[in-house]
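Quick notes on the structure that follows.
The values are calculated or read from the model by the stated rules, or taken from the named source; none is laboratory data. Computed from a prediction, not measured in an experiment: that's the story for all the values here. Cβ sites come from the backbone with ideal geometry, for glycine too, and all protein chains shown count toward neighbours. SASA here: full protein model, heavy atoms, side chains in, ligands and nucleic acids out. Shrake-Rupley method; radii C 1.70, N 1.55, O 1.52, S 1.80 Å.
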Amino acid sequence: LFSGEKLYELGKLIKKASELLNRKTIVIASGDLSHKLTKESYSGYSPKGEKFDRKLIELIKENKLKEIVNFDKNLAEEAGECGLRSIQTILGAFEDLEVETKVYSYEGPFGVGYGCAKIDVVDEYVKLAKESIRTFLDAGEKMKLPKNLNKDDFYNKKAGTFVSLKKNGDLRGCIGTIFPTKESLGEEIIENAVSAAFRDPRFYPVKKEELDELDYSVDVLEKPEEVQDIRDLNPDKYGVIVTKGSRKGVLLPNLEGVETVEKQLDIVLRKAGIDKEEDYNLERFKVIRHK
């Protein structure tokens, strides 16, 4: 059998292939955990299974992924493991990338360990939004734009942004700007992240104990363009803006449950308080979504 180090090298080749294809990639590592989970008093089983599962799940939770590559071979063998090698392979696909981990579930019925976890590449836009909210909770004021961000756009670009928060799949806050209001994109994200967490009138302010339960997305808006024919709309591709006098409504693209243009317009018009029979101005816009 290949060593953890060899399997990690295989994962690096998967990463290289993904980069050459230049597309979003999901890599799935499949397999059970231990097959000797229950207590030694039960015939045929070993407590090493439980020890193996607990250690592996802990390393994933704590983002100590390098330690999984060099996992204790004797413990793995005594636990009757199944999925360790696939995990060691997938870790190579994240070579030199900043990642975050999340364990969704773990159970051990029938003497077999099962777990479900995710490893995500850290998106710098999302990371900035997270840090903005955490800093506001800790210090009671907005953070200043860090000087060590890797993308020049944070300092040199201006754009409207929306920051959205979800908890257990449900919206927990969403605030944004159609056009830039700050001197840089980075400052725009900081401002809207704080507003989404603490100033969205539909929700109570985010609490510190919720932070690890939140899912974040940051949409960077392109310049809106006027639309004369609704056939030029596509709810998966374009967000929409409707305006009638001082009344205005905005709806982002590619939202769950919004599958038709008619549904998209119905929602955004109701948000704006505009009747569909009124003569209103209609615009569309694209976003770059970071999650």
Query raised in the report: When we measure straight from the Cα of LYS51, which lysines land under 26 angstrom away, once same-chain ones fewer than 8 places off are left out?
Result: LYS6, LYS36, LYS39, LYS61, LYS64, LYS66, LYS73, LYS102, LYS118
**Report entry** Set of lysines with alpha-carbon distance to LYS144 below 17 Å, sequence-local pairs under 8 removed
**Finding:** LYS127, LYS130, LYS157, LYS158, LYS182
Report summary line: Sorted largest first, the C-alpha extents of the range 1-128 along its principal axes in whole angstrom are 52, 33, 20
Requested in this report: Using only Cα atoms, tell me the angle between helix 124-139 and the longest principal axis of the chain; keep it within 0 to 90° and round to the nearest 10.
Outcome: 90 degrees
Query raised in the report: Ignoring any ligand, DNA or RNA, what whole percent of the accessible area of the chain comes from carbon and sulfur when the probe is 1.4 angstrom?
Result: 48 percent
Query raised in the report: What accessible area per residue, rounded to a whole number of Å², is obtained for the range 130-266 using a probe radius of 1.4 Å?
Result: 57 Å²
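Test of understanding: what is the full-extension gain from LEU10 to LEU211, defined as 0.36 nm times their sequence separation minus their Cα-Cα distance? Spell out each step's value before the answer.
On the way: separation 201, 0.36 × 201 = 72.36 nm, distance 3.48 nm.
So the extension gain works out to 68.9 nm.
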Query raised in the report: Is the range 167-291 rounded, prolate or oblate when judged by the Cα gyration tensor, a ≥ b ≥ c being the square roots of its eigenvalues, rounded requiring a/c under 1.5 and prolate requiring a/b larger than b/c?
Result: prolate
Report task. Compute the acute angle (0 to 90°) between the alpha-carbon long axis of helix 185-198 and the principal axis of greatest extent of the alpha-carbon atoms of the chain; round to the nearest 10°. Result -> 80 degrees
Query raised in the report: So what's the convex hull volume per residue for the Cα atoms of the range 61-187, in Å³?
Result: 158 Å³
Query raised in the report: What list of ³J(HN,Hα) couplings, whole Hz, do you get for the range 209-222 from phi and the Karplus terms 6.51, -1.76, 1.60, once you set θ to phi - 60° and write x for glycine and proline?
Result: 5, 8, 3, 6, 9, 8, 10, 10, 9, 10, 9, 9, 8, 8
Requested in this report: Compute the FRET efficiency between GLU225 and VAL261 as 1/(1 + (r/R0)^6), taking r as their Cβ-Cβ distance and R0 = 22 Å, and round to the nearest 0.05.
Outcome: 0.85
Report summary line: The extension gain from VAL122 to ASP96, computed as 0.36 nm times the residue separation minus the Cα-Cα distance, is 8.2 nm
Query raised in the report: For helix 4-21, what angle does its Cα long axis make with the longest principal axis of the chain, in degrees from 0 to 90 and rounded to 10?
Result: 30 degrees
